[in-house]
Amino acid sequence: MAANDMELAGLVAATGDRRAFSQLVVRHQTLVRAMLTRMTGNHALADDLAQDAFIKAYRKIATFSGKGSFKSWLCRIAYTEFLQSARKRKAAAAALERYKAHQDIEERQQNWDAGDAMDLDRALSHLSEVERTVIVLCFSSGMSHSEAAEVTGLPLGTVKSHINRGKAKMRALLEEKEAVQV
Amino acid sequence: MMTPEDGFDARLSAAFDRADAEITPDESFTRHVETRLGLALNPRTMVLGGAGASGSALAASQMERLADGLQFDNALLTQFFDLVGTQSIVAVVFALVAATFIYVLPSRRV
């Protein structure tokens, strides 16, 4: 029987076992990469940040107490990596413009047939950073509002407010797009 | 009864599912992480490694002075020291201490 996340994390913390950690990477890589792709709107940047997040998780694994889920703990590290990356680009607005530019280049170069993903990423890019984060955590990573609060370090009520505001903006944007298409 | 809000939530979840389905498990991603784990040296390792190496160098320099002053009753030992030379013995001890640090530190944690 395959070991669960807690057992693998315990093994890594106790012995530094890299094979056990690789199993955690295999198990959670799509979750972290998807979350960061939706947050940044850029596949390459998201994969770089996801790698950094896993390396940091390995180094800090002794701090994983096992009180919450490993998934939430890992997503918190990934979220911190995302914030640090955005800060390095001075302002979130400037970073978003850069992500969009990267995205356009990437799409042209790879002829990536994104369809729904492009609509979704465009809608997400109109949200504030925190609205985008909590929407992605709840709708992409499948977290509860409480887990999203744990990952972002925001009060539960604030998370709910950001989700409602973010959803309202996305709804307006998607309906506007549909109206144009009709 | 399903509210318009529930309907939009379901639509949004479905949109995320379709978009995230494009992100598939990637073996090369796992390999990159494994490679970086193998190469990475964190500040703790560097500080401890540096301290260990400095300590070994200091101990080895003192050992050379000690070994020069040693007198053996045993002819075999005297012959051995004459043959190998004090510097070689000190170098071997230094290498052993350094090798121990190289082996122990990465096996604990990156």
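On the basis of the beta-carbon distance and an R0 of 41 Å, B:GLN71 and A:ARG19 show a calculated FRET efficiency of 0.20.
Taken residue by residue and averaged, Cβ atoms of other chains lying within 10 Å of the Cβ of A:161-167 number 1. The mean number of Cβ atoms from other chains found within 10 Å of a Cβ in peptide A:52-59 is 4, as a whole number. Computed over the stretch A:109-182, the convex hull of the alpha-carbon atoms projects to a mean area of 5.9 nm².
Taking a sphere under 14 Å around the Cβ of A:SER161 and counting the other residues whose Cβ falls inside, with K and R at +1 and D and E at -1, yields a net charge of +3. In this simple spin-label approximation, B:ALA99 and B:ALA10 carry label points 7 Å from Cα along the Cα→Cβ vector, and these lie 6.8 nm apart. Estimated from the Cβ-Cβ distance and a Förster radius of 30 angstrom, the FRET efficiency linking A:LYS177 and B:ASP17 is about 0.95.
Give the calculated FRET efficiency between A:LEU156 and B:SER28 to the nearest 0.05, with a Förster radius of 35 Å applied to their Cβ-Cβ distance.
Numbers: r = 38 Å, r/R0 = 1.10.
For A:LEU156 and B:SER28, the calculated efficiency is 0.35.
Modelled spin-label separation between B:VAL84 and A:ALA168, with each label point placed 7 Å from Cα along the Cα-to-Cβ direction: 8.1 nm. When the Cα gyration tensor is reduced to axis lengths a ≥ b ≥ c, the ratio a/c is 1.5 or higher for the stretch A:1-50, and with a/b above b/c it is classed as prolate.
Looking only at other chains, what is the average number of their beta-carbon atoms within 10 angstrom of each beta-carbon in A:130-139? Walk me through the numbers on the way to the answer.
Values: counts 0, 0, 0, 0, 0, 2, 2, 0, 4, 9.
Per-residue shielding by partner chains comes out at 2.
Every number here is computed from the coordinates shown, using simple stated rules; none is lab data. Please read these numbers as outputs of a predicted model, since none were measured by experiment. Heads up, the Cβs are rebuilt from the backbone with ideal geometry, glycines too, and the neighbour counts pull from every protein chain shown.
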